[in-house]
Amino acid sequence: MRFRPVPAAWVCVVGCLLAAHLCVAGELNTLSAEEKEQGFKLLFDGKTMDQWRNYKSETTKPEWQIMDGAMVLTAKGGRDLITKEQFRFFDLRLEYTIAEKGNSGIMFRVDEDTEERTPWLVAPEYQLYDSFNVKVREDRCAGALYGLVGAGKDLSKAPGEWNQARILLEPSDNGAERLQFWLNGSMTVDIIVDHAPDSEWTKLLALKAPGDHFAKGFFKARKGPILLQDHGARAAFRNIRIRKIKAPSAKSSARSHSVQRNNAETR
């Protein structure tokens, strides 16, 4: 069989496109044009940890190091790391990798004024875990809302590979909030957080709390920093970016509640 030679111009075009793709794919800790337009900002530029500090401290322990464009917990003792900025509603996206049989987490709305001994007792946690090698119950798997809502057991990549995590916390109707998690493109959590006494959220907490010892103030802080947990395992984080979501005004919340009440009365 005879093959026609490929024109040199096509070789040049394909080569340029491939090079451009590799360049973009290898660009760490930068925002795309679309992300900039959407209002994302970087929480880590790959060079400094100026936007972070240890939990209940103004400094950062030396066990947290910058290596190959990532923030790395190199050994136990680095303590939890939090953002200096606080967030209420947000869209957080990042990549992480964790050691074999490792355990860690991403917490948010962290309360540094709490008297509880650890932050997870009052702050919700996106679970990070080596679910690739270790099989645990679903509310302990990577991508779970720790202790409350389970995730699929086959979503985590092998240790050393980079996972993509996303946390979306936004306003919902009648003063409630909607919380969603994704792991490697698959949604793992979608729940309405409503502290009303008869809400599904309150019932879930009542069901789960005795075994997981969540404090009475769990997830009740109106805003707080993002936290990367030191659970003793080596873990690395990169491409950390966040978009703030505007909170509804008091007027719009009251209007929404009034509309819902009127609709219920006319049924």
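The values are calculated or read from the model by the stated rules, or taken from the named source; none is laboratory data. Note that this is a predicted model, so its numbers are computed, not measured. For neighbour counting, all protein chains shown are included, and Cβ atoms are generated from backbone atoms with ideal geometry for every residue, glycine included.
Scan the stretch 66-118 for residues that are among the acidic types (Asp, Glu), touching a helix residue (DSSP H, G or I) at 6+ places or on another chain (Cβ under 9 Å) and within 14 Å of ARG53 (Cα to Cα) and jot them down. Within the stretch 66-118, ASP80, GLU112 meet the criteria. Looking at the stretch 175-199, I want the residues that are touching a residue at least 60 places away in the same chain (Cβ under 8 Å) and have a partner that is of a type in the set (Gly, Ala, Ser) with Cβ atoms under 6 Å, at least 6 apart or on another chain. Which pairs are those? Cβ pairs passing all conditions: GLY175/SER253. Are any of the residues in the stretch 245-260 of a type outside the set (Gly, Ala, Ser), at pLDDT below 95, out of contact with any strand residue (DSSP E or B) (no Cβ under 8 Å at 6 or more places or on another chain) and within 30 Å of VAL136 (Cα to Cα)? No. ILE167 meets all of the listed conditions (1) surrounded by fewer than 18 Cβ atoms within 10 Å (Cβ to Cβ); (2) modelled with pLDDT of 95 or more but one, namely (1). Would you say LYS203 is free of Cβ contacts under 8 Å to residues at least 40 places away in the same chain, under 28 Å from MET71 (Cα atoms) and not in a strand (DSSP E or B)? It is false that LYS203 is free of Cβ contacts under 8 Å to residues at least 40 places away in the same chain, under 28 Å from MET71 (Cα atoms) and not in a strand (DSSP E or B).
Checking the stretch 167-183 against the condition returns a match, with at least one residue being over 21 Å from PRO119 (Cα atoms), of a type in the set (A, V, I, L, M, F, W, C) and part of a strand (DSSP E or B). GLN180 meets each of the listed conditions (1) under 19 Å from PHE87 (Cα atoms); (2) crowded, with 18+ Cβ neighbours inside 10 Å apart from (2). The residues of the stretch 117-157 that are charged (D, E, K, R) and over 21 Å from ARG88 (Cα atoms), listed by number, are ARG117, ASP130, LYS135, ARG137, GLU138, ASP139, ARG140, LYS153, ASP154, LYS157.
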